[in-house]
Amino acid sequence: MTVSPYGLHRVLEPAGVLPQQAWRLDADPTPRADEVVLDVRRLNLDAASFRQLREAHGDGVRQAVLDIVARRGKMQNPVTGSGGMLLGTVRAVGPDSPLGLRVGDRVASLVSLTLTPLRITDGLADWDGRTEQVPCRGTAVLFGRSIAAVLPDDLPEELALSVLDVCGAPALTDRVVRGCAQAPAVLVLGGGGKSGSLSLAAARRAGARRLVALVPTDDEAAAVRAAGLADEVVVADARDPVAVARAVGERVEVTVVCVDVPGCEHGAILATADGGTVVFFSMATSFSAAALGAEGLAADVRMLIGNGYVPGHARFALDLLRAEPAVRALFEHRQTHQA
């Protein structure tokens with residue numbers, strides 16, 4: 001069998017597509033020459049997928065996840081198209097693997113579950129269905145072009161996994177803010193969440209002149225204010241474009257969308273000045289709605305898709321968490337609240 005660094009040899013149907021596009025993958029835990037096989041210990045479902053599954057299945061969310069993985073050989077929500085990431089221990093390393101991992105390493109995958117061959121062997125017996133993090137026993141396969149991060153020894157596993165799940169957001173925010181000709185005003189929709197709080201901290205460090213966090217509730221606003229992550233914290237429904245524009249006031253040069261519900265595209269566009277940039281990190285984003293909305297609003301804005309990968313993004317996000325006690329406190333509060 002010809003082994004592809006992109007995992008083409010794991011695609012069962014339809015033929016000729018990449019693993020992320022495939023309907024079904026081969027999740028056999030026997031490593032090919034350039035693969036790494038992991039013993040899975042925890043899944044981290046992405047926020048948009050988890051919200052949709054909870055709303056659609058309620059107490060049956062555990063069985064819904066099991067059914068998806070059994071049917072498809074990977075975790076890819078058929079509604080949102082997204083998945084998440086995982087934590088595991090290296091079981092086996094193929095002789096030609098370029099990832100630099102060793103048997104026994106504790107790692108987090110930095111590629112989506114939507115393209116990761118996955119088997120679940122414990123029926124998710126230890127998961128109550130109420131949190132994005134899913135205790136799990138099973139196996140997963142990383143390809144030659146996959147990426148993974150060895151877990152740091154100085155952070156609890158659950159905390160590190162939460163950060164690595166969204167590490168692309170602060171790294172790209174840093175790049176965009178530093179790339180502006182002048183120090184920009186930055187708006188983060190969903191500034192109290194995981195990716196939002198890290199993006200606020202990254203924007204501050206990158207030299208933003210004004211930071212605005214938009215959140216949905218007064219309680220979340222109080223938490224972000226207490227953490228000192230933004231110059232202004234406003235409360236509005238990110239799905240209401242007019243409410244967003246009114247709450248933000250003077251338009252910003254950079255808007256970062258970190259909201260896990262659909263329908264936030266037009267508010268982000270309205271709040272961004274002509275010539276500015278909107279970065280969409282939410283998997284709930286409709287990119288056709290964003291493109292057509294910008295056209296319909298005659299908005300001259302650059303729109304970027306946060307693809308989750310920026311070179312060095314894992315280290316950047318972990319170092320940001322270590323250096324920003326307020327951000328760490330928000331992450332730990334979130335974990336405690338969900339537990």
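Bear in mind these aren't lab numbers, they're just calculated from the coordinates by the rules spelled out. Bear in mind that the values here come from a model prediction, so they are computed numbers and not experimental data. Backbone-built Cβ (ideal geometry, glycine too); neighbour counts: all protein chains shown.
Potential lengthening of the chain between Asp96 and Leu292 amounts to 66.0 nm, from the contour at 0.36 nm per residue minus the alpha-carbon distance.
If a paramagnetic tag sat 7 Å from the Cα of Asn307 along the Cα-Cβ line, which residues of segment 175-205 would have the backbone N under 17 Å from that point? Residues 175-176 qualify, since their backbone N sits under 17 Å from the label point. When peptides 259-267, 274-282 are ranked by their average number of other Cβ atoms within 10 Å per residue, the highest-first order is 259-267, 274-282. Per-residue Cβ neighbour counts within 10 Å put Ile305, Ile269 in the sequence Ile305, Ile269, beginning with the fewest. By the count of neighbouring beta-carbon atoms within 10 Å, fewest first, Trp23, Trp127 end up ordered Trp23, Trp127. FRET efficiency for the pair Ala125 and Arg205, taken as 1/(1 + (r/R0)^6) with r the Cβ-Cβ distance and R0 = 51 Å, rounds to 0.75.
Return one quarter of the surface area of the convex hull spanned by the alpha-carbon atoms of segment 235-296, equal to its mean projected area, in nm².
3.7
Here Glu250 and Arg178 are evaluated by their C-beta separation; at R0 = 25 Å the FRET efficiency comes out at 0.70. Shown here for segment 188-250: GluC sites (Glu not before Pro) in loop regions (DSSP other than H, G, I, E, B) with at most 13 other Cβ atoms within 10 Å, namely Glu250. The Cα trace of segment 99-205 gives Rg and Dmax of 16.8, 53 Å, the first to one decimal, the second as a whole number. The alpha carbons of segment 168-338 occupy a box of 42, 34, 27 Å along the principal axes, longest dimension given first.
Each listed q (0.13, 0.16, 0.21 Å⁻¹) maps to a log10 I(q)/I(0) for segment 3-116 from the Debye sum over equal C-alpha point scatterers, namely -0.51, -0.76, -1.21.
How do Leu321, Leu43 line up, fewest other C-beta atoms within 10 Å first? Present the calculation step by step, with values, prior to reporting the outcome.
Numbers: Leu321 24, Leu43 29.
Going from sparsest to densest Cβ surroundings: Leu321, Leu43.
One quarter of the convex hull surface, Cα atoms only: what value does that give for the chain in nm²?
That works out to 16.6 nm².
For segment 182-270, the orientation-averaged shadow of the C-alpha convex hull comes to 4.9 nm² (one quarter of the hull surface). Here segment 36-89 is described by how far its Cα atoms reach on the three principal axes: 34, 21, 20 Å, from widest to narrowest.
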